Every structure is written in structure tokens, then in C-alpha cells.
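The numbers here are math on the coordinates, done by the rules we state, and not lab data. Predicted, not measured: the structure shown is a model, and the values here were computed from it. Don't worry about glycine lacking a Cβ; one is built from the backbone with ideal geometry, like all the others, and counts go over all protein chains shown.
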Amino acid sequence: MAARRAKRSAVRGADPEGSAAPTSKRLVVRLSEDLKKQLLDRVQNDGYGERGVSQWIREALSVMLKQERALDLVGQGDRLDGQRKAVVVVTVAPGMAVDIRDTLVDLRERDLMMEGPQSVLVRSVIRFRLTHPALSYAKPSSSRSSRRRRVGESQEKIAS
């Protein structure tokens, strides 16, 4: 499985047509209300701000896709979530979209009857990061508003 993923990754950048660079991909995932509430609470507590959900999930995806054993957890407990009435939209870079596609192919080989494997993967990634906060994830960069606030505070100190 890892060899096949490496082979696909080697071809990833090749574009024989020379067309424009690929654009990012949007993933729409349905979640239970409870899982979405936990997600939004954790995103806020981790310092990502209101609009940091995509970044938080992307970081969790990159960590989980690198761990072969973590991929065995995909789908675990998915049926216990309840009704999925909430929606989360995640934007991923083209390279990560290829990694997700490769992972989905591997997941389909394991379980041909899996319904909605992309959503199952993202829900599993969310649960994985919620339960494994100690893993190393990239720290959120400071937002513009907080930078503006700091600049304003420093200008006030200089003026006084």
C-alpha cells in the first residue's frame, strides 16, 4: 500500500498538457450536531479562531494520512454518531486531495461496501484529533485581527 502511494505521489506533479495549476478542492462533510459542537469548541480552544476549521482538519488529515495504523481506525464508531444534520466544508490543496484519493482507494480495497468513504475519512480524522491532542500539529498562525490588535496596543504604549 505504501509503495503504491509513493508511486502515485511521484506522478502527482506531472502535467503533460502544461495546463494551469490545479486548484484547491472543497470537501463537504455531514456531521452529527454533537460532533460539530465538539469540533468547533476544540478549534476555538486551540486558537484557530472562527474560520480555522479547515486548517484544523487539514493538519489532522496530514498527520493521520502519514500513520498507517491510524488509517485502520477509519470508520470506527461512525455508526454511533447519530443523525448527521450539520455540515462542514473543508478546503484542501491539490496535493492533499491526491493523498486523500489514494487513501480512499486503499480504504475501498479493504471494505468494498463502505458508504461515503470520503466523509467517513474526514469524520474519523476529526475524531482522531479530538482524542489525540498530544500529537504534534502545526501551530495556528496569528490572524490579521490579532496582529492589528497587537500593533494598535504597541502604538498606544509608544504614544503614552
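Go through segment 38-86 and name the trypsin sites (Lys or Arg not before Pro) that are in a DSSP coil and have 16 or fewer other Cβ atoms within 10 Å of their Cβ.
On the way: sites: Arg42, Arg51, Arg58, Lys66, Arg69, Arg79, Arg84, Lys85; in loops: Arg51, Arg84, Lys85.
The qualifying sites are Arg51, Lys85.
Once fully extended, how much extra length lies between Lys37 and Ser24, figured as 0.36 nm per residue of separation less the alpha-carbon to alpha-carbon distance?
Details: separation 13, 0.36 × 13 = 4.68 nm, distance 2.60 nm.
In short, 2.1 nm is gained.
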Query raised in the report: Got a sec? How would Glu109, Glu59 order by Cβ neighbour count within 10 Å, fewest to most?
Result: Glu109, Glu59
